[in-house]
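Participant: Here it is: the structure, laid out below.
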Amino acid sequence: MAAQITPSSSSSSSLAFSSEFNVWKPMRCCFFKWVSQVCPRIRPSNKFRIKSSNGHPLNAICMQGGLLGLDMDGSPLAKGINPEEQEEFFIDILDKEETLSTLSITVVGASGDLAKKKIFPALFALYYEDCLPKNFIVFGYARTKLTDEELRNIISTTLTCRIDKRENCKDKMEQFLKRCFYHSGEYNSEENFAELDSKLKKKEAGKLSNRLFYLSIPPNIFVDVVRCASMKASSANGWTRVIVEKPFGRDSESSAELTRCLKKYLTEDQIFRIDHYLGKELVENLSVLRFSNLIFEPLWSRNYIRNVQFIFSEDFGTEGRGGYFDNYGIIRDIMQNHLLQILALFAMETPVSLDAEDIRNEKVKVLRSMKPLELEDVIIGQYKGHNKGGRAYPGYTDDSTVPKNSITPTFAAAALFINNARWDGVPFLMKAGKALHRKRAEIRVQFRHVPGNLYKRNFGTDLDKATNELVLRVQPDEAIYLKINNKVPGLGMRLDRSDLNLLYRARYPTEIPDAYERLLLDAIAGERRLFIRSDELDAAWSLFTPLLKELEAKKIAPELYPYGSRGPVGAHYLAAKYNVRWGDLGGEDD
């Protein structure tokens, strides 16, 4: 009986390697490395089912447990074949599939900063770790006139090898660069994309082709590129996927229009809306911390949590790149996407499984349970020039790319609320800003005071010192620490606040992969868990659009704060309104 593997949902992601089978193969790793590292992240048993020719599913492959070739109960699939023989069989299948297929990655906007600083280095890192298929090529596409060799020279200046794996670094770079090519063309030219298609087909040499397009370009040309790529450069026999960078519009209306236009040429399953913060190690660990540790999950509600803070700060300003920023501002640039996505992951109910759709369903429920932001719950600011340590720091409007009368906020703080049984009444505070006193991104969970605390008098009037706090520091120096109260050794009764600290660089000496590596790997594998679905995007914009329109209609001027300070004073009044003190106001390690 002939068998075939097809996606369980309608998608263009099926991949054939013979007349009998369509096999999904995400990457080129050795068998054991692929199973142990990739399969726990990707759960194809929920997404892909082997079907016989009559359409009935067969339990021919199970990767849920981390092994191939076992049935759902762990028994061998075929009678008389032991697991070792099955392992060899599937290695042979995967190698055969790799030989007959190829992955083509096209970076659109290849001459831009994002491509040079993030995308190409991430692709090289995946290649260096043997996480790309055996047959792959990388094409750069942009309007700039470059040769293949000129692109390789540009890319080579940004490639680095893992700190803990320096062997064969130069050889690996040379091998990777040989797989990189370039095609110059206009973003709205179907003819130029047809030329790209011809070059891709020549490199693919008749193999089954899977194509990934990364749009590292301004949003106003997304649709033109998608139209041209879809009509002239899509794969004819494999899958085609498109990674779209933020911003996804400026408000609900423009975002919905962008989604509508993209869906003229792509299905939802082909669109991968990337938010690189979702690929950061500590954000990924958030769900693990909560759902796999019994000590935290029972506390994750209004009964024990007093407030939650999401803090993002940069210690530099726009520095010549204010033209882009001035069109969006800090709320659109950071809060509506990065911080709101982390909030949704933090606050969601336990999903049915780790399947992408189950997780994204829960995130959407959280967003739809929140009330839209109101002006009274928001503070905006803009940094001004400041002299510090004998050095003059420019203000936002001193940037030559920014209009002199600009009132675009470079700082914002907001209080949000989730109207459901778990989080009713708990303030979720966001704070994001440029040109602040330090660079940091963190989640801070402040727990309620101990009822009838026997040691209350030891803390005096400052009960915040007695508050337990869980901190997840996303960057820099990734860490998780829990602030607890304990007795200082000695004859007296003196209490101290100490940290139970998991510092990643001390516990895990290996280099942490960049977020773009993780997200590119997921896109290649068809894993959508860390990408944003269209209804999720709609729900996110619905929270911020009324506020943004009111700010712009009333032309509300931001509160000025000095470059290098802690931000506008209004942010502290906003927190105090809900009986909260920002958790990052203490020492350097607080």
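Participant: State whether the residues of segment 194-204 include one that is crowded, with 21+ Cβ neighbours inside 10 Å and under 28 Å from the mean Cα position of the chain (by Cα).
Facilitator: no
Participant: Here is a further query. Being within 22 Å of His338 (Cβ to Cβ) and either modelled with pLDDT under 90 or open to solvent by 40 Å² or more (accessible area, probe 1.4 Å) (or both): is that true of His449 here?
Facilitator: It is false that His449 is within 22 Å of His338 (Cβ to Cβ) and either modelled with pLDDT under 90 or open to solvent by 40 Å² or more (accessible area, probe 1.4 Å) (or both).
Participant: Which residues, counting only those in segment 405-450, are within 20 Å of Tyr481 (Cβ to Cβ) and assigned to a strand (DSSP E or B)?
Facilitator: Leu429, Lys431, Arg440, Ala441, Glu442, Ile443, Arg444, Val445, Gln446, Phe447
Participant: Let me ask you something else. From the set of residues in segment 209-248 that are in a strand (DSSP E or B) and touching a Phe, Trp or Tyr at 6+ places or on another chain (Cβ under 7 Å), which is farthest from Thr102 (Cα to Cα)?
Facilitator: Val244
Participant: Looking only at segment 347-356, count every residue that is touching a residue at least 40 places away in the same chain (Cβ under 8 Å) and surrounded by fewer than 21 Cβ atoms within 10 Å (Cβ to Cβ) and tell me the total.
Facilitator: Counting residues in segment 347-356 that are touching a residue at least 40 places away in the same chain (Cβ under 8 Å) and surrounded by fewer than 21 Cβ atoms within 10 Å (Cβ to Cβ) gives 5.
Participant: Yes or no: Lys145 within 24 Å of the chain's Cα centre (by Cα), closer than 29 Å to Ser234 by Cβ, open to solvent by 70 Å² or more (accessible area, probe 1.4 Å) and not hydrophobic (A, V, I, L, M, F, W, C)?
Facilitator: Here the answer is no, as Lys145 does not meet what is asked.
Participant: A follow-up question, please. May I ask you to list pairs of residues, at least six apart or on different chains, whose Cβ atoms are under 6 Å apart, with the first in segment 565-578 being within 15 Å of Lys434 (Cα to Cα) and the second being among the aromatic types (Phe, Trp, Tyr) and open to solvent by less than 10 Å² (accessible area, probe 1.4 Å)?
Facilitator: Gly567/Phe411; Gly567/Tyr561; Pro568/Tyr561
Participant: Something else now. Which of the residues spanning segment 130-140 are charged (D, E, K, R) and either without any contact (Cβ under 8 Å) to a residue 12 or more places away in the chain or touching an Asp or Glu at 6+ places or on another chain (Cβ under 7 Å) (or both)?
Facilitator: Lys134
Participant: Additional query: Scan segment 249-264 and give yes if some residue there is aliphatic (A, V, I, L, M) and in contact with a strand residue (DSSP E or B) (Cβ under 8 Å, 6 or more places away or on another chain), otherwise no.
Facilitator: yes
Participant: Restricting attention to segment 363-384, which residues are of a type outside the set (A, V, I, L, M), farther than 20 Å from Val244 by Cβ and open to solvent by less than 20 Å² (accessible area, probe 1.4 Å)?
Facilitator: Asp377, Gly381, Gln382, Tyr383
Participant: Moving to a separate point now. In contact with a Cys (Cβ under 8 Å, 6 or more places away or on another chain) and open to solvent by less than 30 Å² (accessible area, probe 1.4 Å): which single residue out of Ser189, Ser209, Ser216 fits that description?
Facilitator: Ser189
Participant: Among the residues that make up segment 547-556, is at least one of them at pLDDT 80 or above, crowded, with 17+ Cβ neighbours inside 10 Å and of a type in the set (Lys, Arg)? Walk me through how you get there before you give the answer.
Facilitator: Within segment 547-556, the subset at pLDDT 80 or above is 547-556.
Of the ones still in play, those that are also crowded, with 17+ Cβ neighbours inside 10 Å are 547-548, 551.
Now narrow it down to the ones that are of a type in the set (Lys, Arg): none.
No - not one qualifying residue is present in segment 547-556.
Participant: Show me the helices (runs of 4 or more DSSP H) found entirely inside segment 288-390 where at least 3 residues are modelled with pLDDT under 95 and within 30 Å of Asn405 (Cα to Cα).
Facilitator: Where helices (runs of 4 or more DSSP H) fall fully within segment 288-390 and carry at least 3 residues being modelled with pLDDT under 95 and within 30 Å of Asn405 (Cα to Cα), they are 322-326.
Participant: Here's another thing I want to ask about it. Out of segment 168-184, which residues are farther than 28 Å from Ala233 by Cβ, of a type in the set (D, E, K, R) and either touching a His at 6+ places or on another chain (Cβ under 9 Å) or surrounded by 13 or more Cβ atoms within 10 Å (Cβ to Cβ) (or both)?
Facilitator: Lys172 - this is the single residue of segment 168-184 that is farther than 28 Å from Ala233 by Cβ, of a type in the set (D, E, K, R) and either touching a His at 6+ places or on another chain (Cβ under 9 Å) or surrounded by 13 or more Cβ atoms within 10 Å (Cβ to Cβ) (or both).
Participant: Given the condition surrounded by fewer than 14 Cβ atoms within 10 Å (Cβ to Cβ), within 30 Å of Ile274 (Cα to Cα) and at pLDDT 90 or above, answer yes or no: does some residue in segment 524-542 qualify?
Facilitator: no
Participant: Take segment 518-533 and flag every residue that is more than 17 Å from Arg211 (Cβ to Cβ) and not in a loop (DSSP other than H, G, I, E, B).
Facilitator: Arg518, Leu519, Phe531, Ile532
Participant: Which count do you get for residues in segment 481-517 that are open to solvent by 30 Å² or more (accessible area, probe 1.4 Å) and not in a loop (DSSP other than H, G, I, E, B)?
Facilitator: Residues meeting the conditions: 17.
Participant: Restricting attention to segment 285-310, and to residues there that are among the aliphatic types (A, V, I, L, M) and within 22 Å of Leu530 (Cβ to Cβ), which single residue is surrounded by the most Cβ atoms within 10 Å (Cβ to Cβ)?
Facilitator: Result: Val308.
Participant: For segment 270-284, enumerate the residues that are assigned to a helix (DSSP H, G or I), open to solvent by less than 30 Å² (accessible area, probe 1.4 Å) and under 24 Å from Arg241 (Cα atoms).
Facilitator: Of everything in segment 270-284, those that are assigned to a helix (DSSP H, G or I), open to solvent by less than 30 Å² (accessible area, probe 1.4 Å) and under 24 Å from Arg241 (Cα atoms) turn out to be Gln270, Tyr277, Leu278, Gly279.
The values are calculated or read from the model by the stated rules, or taken from the named source; none is laboratory data. What you see is a predicted model; the values in this text were computed from it and never measured. Cβ sites come from the backbone with ideal geometry, for glycine too, and all protein chains shown count toward neighbours. Keep in mind that these areas ignore ligands, DNA and RNA; they rest on the heavy atoms of the full protein, side chains included. Shrake-Rupley method; radii C 1.70, N 1.55, O 1.52, S 1.80 Å.
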